[in-house]
Amino acid sequence: MKNIDSYTHLRGESIYLDDVPVLNGTLFASVFDSPVAHGKLVSVDITEAMTVPGVIRIFTAKDIPGENQIGGIVPDEELLASTHVHFCGMPIALVIATSDEIAKAAVKKVKAVIEPLPVITDPREAKEKGELIIPPRTFKSGDTAMAWSQCEYIVEGNTETNGQEHLYIETQGAYAQPQENGAIRVYSSTQGPTAVQRTAARVLGMSMNFIEVDTTRLGGGFGGKEDQATTWGVLCALASFHLKKPVKYSLHRMEDMRMTGKRHPYSSDFKIGLTKELKILAYEATFYQNAGAAADLSPAVMERTLFHCNNSYFIPNVTATAYSCRTHLPPNTAFRGFGGPQGMFVVEAAIAKAAELLKIPASAIQEKNLLKTGDEFPYGQKAESEANECWNKTDELYNIEKMQSDVELFNAGNKLFKKGIALMPICFGISFTKTLMNQARSLVHVYTDGSVGISTGAVEMGQGVNTKMLQVAARVFSIDPSRIKVNTTNTHRIANTSPTAASAAADLNGKATEIACREILKRLRQVAEDEKILIADIGKTEIPPFEIKDEWIYVNGKKTEWTWTKLVMAAYIKRVSLSELAHYTPPGIHFDPGKEKGHPFAYHVYGTAITTVTIDCIRGIYEVDSVKAVHDFGSSMNTMIDMGQCEGGIVQGIGWMTMEEIVYDKEGKLRSNALSTYKVPDIYSVPKEITIHPLETQKDNLAIFRSKAVGEPPLMYGIGAYFALRNAVKAFNPSAVIPYDAPMTPEKVLMSLYQPPNA
Ligand code: MTE
Ligand code: LUZ
Ligand code: MOS
């Protein structure tokens, strides 16, 4: 079915934060943020800013009635700087004015005296100085130290992957409105309404039940609003609390880019050992994660890097260690893939380097080592079989060898244009790695006219989760989708939600919705029995099959006189509840962080993509010719939405790997602070062809209706573009020594095309 949002999206009628009607008397906020990456905050002078006509109040740390603390995993982040600043863009003061323009103008008149302190931007330097967010963690299987002696080939190296700006079309923002008895309602563009609620309560010294957070939808989140939407929601709540007025803050794009964290850059070391037969026997990796100035979600992101360090390969001996390094950059945060892509890039670089040394295509090594059913991941969970299924299907459909020889043929016949090709298998674990977060609730009401309202903890951010929730109810009740309305995500209706993240929102909230609908259906069946719709065949004690099909009640496969609506009304008249709040947790998942072993994921998503690129060897510019993939959807419940997720993820992944270049200078100032200096894929740079072939598996899994999670995994196909570009450069300049340093921008391509021999 069509995405239910397409109608209002197309007409510009969809409601985002900025479309919430503004109440009379609403005030507008803007933040004065630190111009210095690290320093002692000596004083803040607001006198001049206060003289700007229209400025109402300026709040600083001392105006916080509760705790000045927004750290979720580690309490290490102040909402407003009190004595020190830790990154450029750290909020220091909150200006409240009668208009957005006045607030932003007054911010420029706030002055702070900051005594600069040494700035660290490099994660390895931070680690050397002992600046770690949490103690390092190591995932280990087998014994790498023993295994090296049995390896025929051993290759070592290091890699860099850069950050990535989320660039959701809707910037961060919130709108707080005072309610009676001191309660506050916050409209927030957040993936985690409960996080905003909990943090607002903590900062204001209030209880959570007095804070209502409501989210209609986001114009994109991509992880950037999993944790970092909280700041703006809480700041608006703080001002609203003091002034007893509605307060709104919708960030300017440059404020957003400057003040919020991004995907974590990683600097990593690897060592890989192969047998003569190209079996990977041992793999060691050390990850230096650039966490930025506060923990935010970094420990969880770091954990997922370790979970995905072997991508979709079985490696019997693995030692992977990760350091979460504290630097003076804005705290980096969740971004589609959540550390997984960073981990996968390193093992792909290790394989590529080994292949270059052996003068064979990397695919020869990749294929030999794909996970098979029963293979154990370094963290103890056993694999299902789709890794090689996807690869084999890819080969069957697209003929890998033929594509590779076509590229060689093209390169032999073309001097100034070179093609490159690379395969990228993926494997992504579905579940929050923190087991307790895997829970969700759904509230389903059936109204007396037969219409249905659903509220869950899931936040719609373009990924189509609301459509999927609606499909669940429509399928369980067998009623027309037009009868069903999915409501806003609201902490008064659904409490204690996990953020919409980890690609798990459709599964968790969908399963809860399914349970709620089935419970109501059970009651309706009882009513049907009481109403003697179900007349048991004489002599039979069991109840005849009861079914609702297209809004008609069927008994024993025979259509009755009863409709869905009539039965619903009968239930109401009999005083039977037509509402249900259901709770769902996936069974069987657990993880022991002491041993670093367990079964953390409900299941894995697999896939394989072939990426082909063409480089213009005079200019260094390039195009992605095609991405052809076989993707494991399980059994997709909405092909259009899931295909859209694949295409979007692939383009976003290619952007990260090839053109999006975050630049901070040595002083920790963001240089790529606008769209003139930060380049993302546009319509001209998307692949000329994206073909996704669904691998439909009928196996039982824990996905909603066996329709596997699809939000994040496809992003990792984008890694193939990086390696395809490298291969294309090598075809032009075989002696080029190219560091494994992503993104592979046109500048880097050009430099390596003309790198002199032995450079
Ligand atoms: N798709 C769109 N259009 N917009 C988004 O912000 N976020 C991605 C992915 N797809 C995102 C998106 C991320 S980071 C996640 S975790 C999942 O959607 C979350 O939604 P799901 O759990 O419903 O898949
Ligand atoms: N968020 C989180 C995530 O808190 N835990 C996770 O495991 C995760 N995985 C992917 C994306 N966001
Ligand atoms: Mo996605 S990074 O889990 O919000």
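Computed from the coordinates by the stated procedures, all read-outs in this text should not be read as laboratory data. Since the model is a prediction, treat every value here as computed from it, not as a measurement. Cβ sites come from the backbone with ideal geometry, for glycine too, and all protein chains shown count toward neighbours.
Return the residue satisfying two criteria in turn: it lies in segment 482-496 and is touching a residue at least 40 places away in the same chain (Cβ under 8 Å) and part of a loop (DSSP other than H, G, I, E, B), and of such residues it is surrounded by the most Cβ atoms within 10 Å (Cβ to Cβ).
By that ranking, first place goes to Thr491.
Looking only at segment 312-349, count how many residues are under 20 Å from His166 (Cα atoms) and either surrounded by fewer than 24 Cβ atoms within 10 Å (Cβ to Cβ) or aromatic (Phe, Trp, Tyr) (or both).
Total satisfying the criteria: 3.
Filter segment 189-236 down to the residues that are away from ligand 2 (no atom under 15 Å from the Cβ), assigned to a loop (DSSP other than H, G, I, E, B) and among the charged types (D, E, K, R) and list them by number.
Correct list: Arg217 only.
Do any strands (runs of 3 or more DSSP E) entirely within segment 1-64 hold 3 or more residues that are in contact (Cβ under 8 Å) with a residue 60 or more places away in the chain, out of contact with any Ser or Thr (no Cβ under 7 Å at 6 or more places or on another chain) and closer than 30 Å to Gly220 by Cβ, and if so, which?
Passing ranges, in order: 27-33.
Which residues, taken from segment 204-240, are buried (at least 24 other Cβ atoms within 10 Å of the Cβ), among the hydrophobic types (A, V, I, L, M, F, W, C) and under 17 Å from Gly66 (Cβ atoms)?
Ile211, Val213, Val234, Leu235, Cys236, Ala237, Leu238, Ala239
Scan segment 666-677 and give yes if some residue there is polar (S, T, N, Q), out of contact with any Leu (no Cβ under 7 Å at 6 or more places or on another chain) and more than 30 Å from Asn158 (Cβ to Cβ), otherwise no.
Checked against the condition, which is being polar (S, T, N, Q), out of contact with any Leu (no Cβ under 7 Å at 6 or more places or on another chain) and more than 30 Å from Asn158 (Cβ to Cβ), segment 666-677 yields at least one hit.
Name every residue in segment 690-700 that is more than 18 Å from Thr611 (Cβ to Cβ) and either hydroxyl-bearing (Ser, Thr, Tyr) or surrounded by fewer than 18 Cβ atoms within 10 Å (Cβ to Cβ) (or both), in order of residue number.
The answer is Glu696, Thr697, Gln698, Lys699, Asp700.
If Phe477 satisfies all but one of (1) crowded, with 21+ Cβ neighbours inside 10 Å; (2) more than 14 Å from Val568 (Cβ to Cβ), what's the number of the condition it fails?
Evaluating Phe477 over (1) crowded, with 21+ Cβ neighbours inside 10 Å; (2) more than 14 Å from Val568 (Cβ to Cβ) leaves (2) as the failure.
May I ask you to list pairs of residues, at least six apart or on different chains, whose Cβ atoms are under 7 Å apart, with the first in segment 204-230 being under 26 Å from Ile4 (Cα atoms) and the second being more than 16 Å from ligand 1 (Cβ to nearest atom) and assigned to a helix (DSSP H, G or I)?
Val213/Val196; Val213/Gln197; Val213/Gly233; Ala229/Val196
Looking at segment 426-462, which of the residues that are away from ligand 3 (no atom under 16 Å from the Cβ), part of a loop (DSSP other than H, G, I, E, B) and not polar (S, T, N, Q) is surrounded by the most Cβ atoms within 10 Å (Cβ to Cβ)?
Checked segment 426-462; the qualifying residue surrounded by the most Cβ atoms within 10 Å (Cβ to Cβ) is Gly450.
Just need a number here: residues in segment 480-508 that are within 15 Å of ligand 2 (Cβ to nearest atom) and polar (S, T, N, Q).
5
I'd like to know if segment 162-178 contains one or more residues that are in contact with a Pro (Cβ under 8 Å, 6 or more places away or on another chain) and more than 30 Å from Ala495 (Cβ to Cβ).
For segment 162-178, residues in contact with a Pro (Cβ under 8 Å, 6 or more places away or on another chain) and more than 30 Å from Ala495 (Cβ to Cβ): present.
For segment 327-351: of the residues being away from ligand 2 (no atom under 12 Å from the Cβ) and among the aliphatic types (A, V, I, L, M), which is nearest to Ala295 (Cα to Cα)?
Residue satisfying both the conditions and the ranking: Leu329.
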